[in-house]
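Engineer: The structure is given below, and queries will be raised subsequently.
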């Protein structure tokens, strides 16, 4: 019962703060950023691999990739929390000012304060605080997810092979297609178009990286 009550409270907080829309946008943007960042790392190491150098082993790719993923995640989490907190505090302050004006007008007309507005203030504050925490977690977690998935093939084998890179790019393309479908679902159509746009962005990243290595 307590768990159900907590879930219902979270749903109420989400509706009050428009958390769903914010979280979806943050998830897409940051997961996409993380995926392309990882694509750049893998492509850079791929260029070195093609040059015949054997200085890298799969473990090096994993360490480099995860270190970058964690850096992006911590940056996203920290930055998002501070910016969201500041924005929502401003929003609550503006809302309180508006409520104070309405309450004063109610006092002048009826001689009684509007109790509903007063009672709603703590609920609004809890909803905004909840939204700040969840939005920050999404902001920090999404790029880590996007950066980590293409690194999975490098957990296998003791030396780098072309299979590692091909597998990584296949996972990356799959992730970009999923994000395109996700974006198309939000917009209500054009899933294939969005998927093609994102895959094209990944292809451009690869081509630019390869061009830099020529």
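The values are calculated or read from the model by the stated rules, or taken from the named source; none is laboratory data. Everything numeric here is computed off the predicted structure, so don't read it as measured data. We place every Cβ from the backbone using ideal geometry, glycine too, and count neighbours over all the protein chains shown.
Engineer: Return yes when residue 134 is free of Cβ contacts under 8 Å to residues at least 60 places away in the same chain, within 23 Å of residue 72 (Cα to Cα) and within 24 Å of the chain's Cα centre (by Cα) and no when it is not.
Structural biologist: Spelling it out, it is not the case that residue 134 is free of Cβ contacts under 8 Å to residues at least 60 places away in the same chain, within 23 Å of residue 72 (Cα to Cα) and within 24 Å of the chain's Cα centre (by Cα).
Engineer: Any idea which of 202, 174 is under 20 Å from the mean Cα position of the chain (by Cα), modelled with pLDDT of 90 or more and either surrounded by 22 or more Cβ atoms within 10 Å (Cβ to Cβ) or in a helix (DSSP H, G or I) (or both)?
Structural biologist: Checking each option against the conditions leaves just 174.
Engineer: Among the residues of region 163-174, how many are more than 14 Å from residue 206 (Cβ to Cβ) and in contact (Cβ under 8 Å) with a residue 40 or more places away in the chain?
Structural biologist: The number of residues fulfilling the criteria is 1.
Engineer: Return yes or no: is residue 179 within 30 Å of residue 52 (Cα to Cα), assigned to a helix (DSSP H, G or I) and touching a residue at least 24 places away in the same chain (Cβ under 8 Å)?
Structural biologist: Judged against the criteria, residue 179 is not a match.
Engineer: Then there's this: Select from region 184-199 the residues that are surrounded by fewer than 20 Cβ atoms within 10 Å (Cβ to Cβ) and touching a residue at least 60 places away in the same chain (Cβ under 8 Å) and list them in ascending order.
Structural biologist: Scanning region 184-199 gives a single hit, 186.
Engineer: Being surrounded by 12 or more Cβ atoms within 10 Å (Cβ to Cβ) and not in a helix (DSSP H, G or I) is the requirement here; does residue 32 meet it?
Structural biologist: no
Condition check ((1) part of a helix (DSSP H, G or I); (2) closer than 16 Å to residue 140 by Cα; (3) at pLDDT 85 or above) across all residues:
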{"site": "26", "(1), (2), (3)": "yes, yes, yes"}
{"site": "46", "(1), (2), (3)": "yes, no, yes"}
{"site": "74", "(1), (2), (3)": "yes, yes, yes"}
{"site": "78", "(1), (2), (3)": "yes, yes, yes"}
{"site": "102", "(1), (2), (3)": "yes, no, no"}
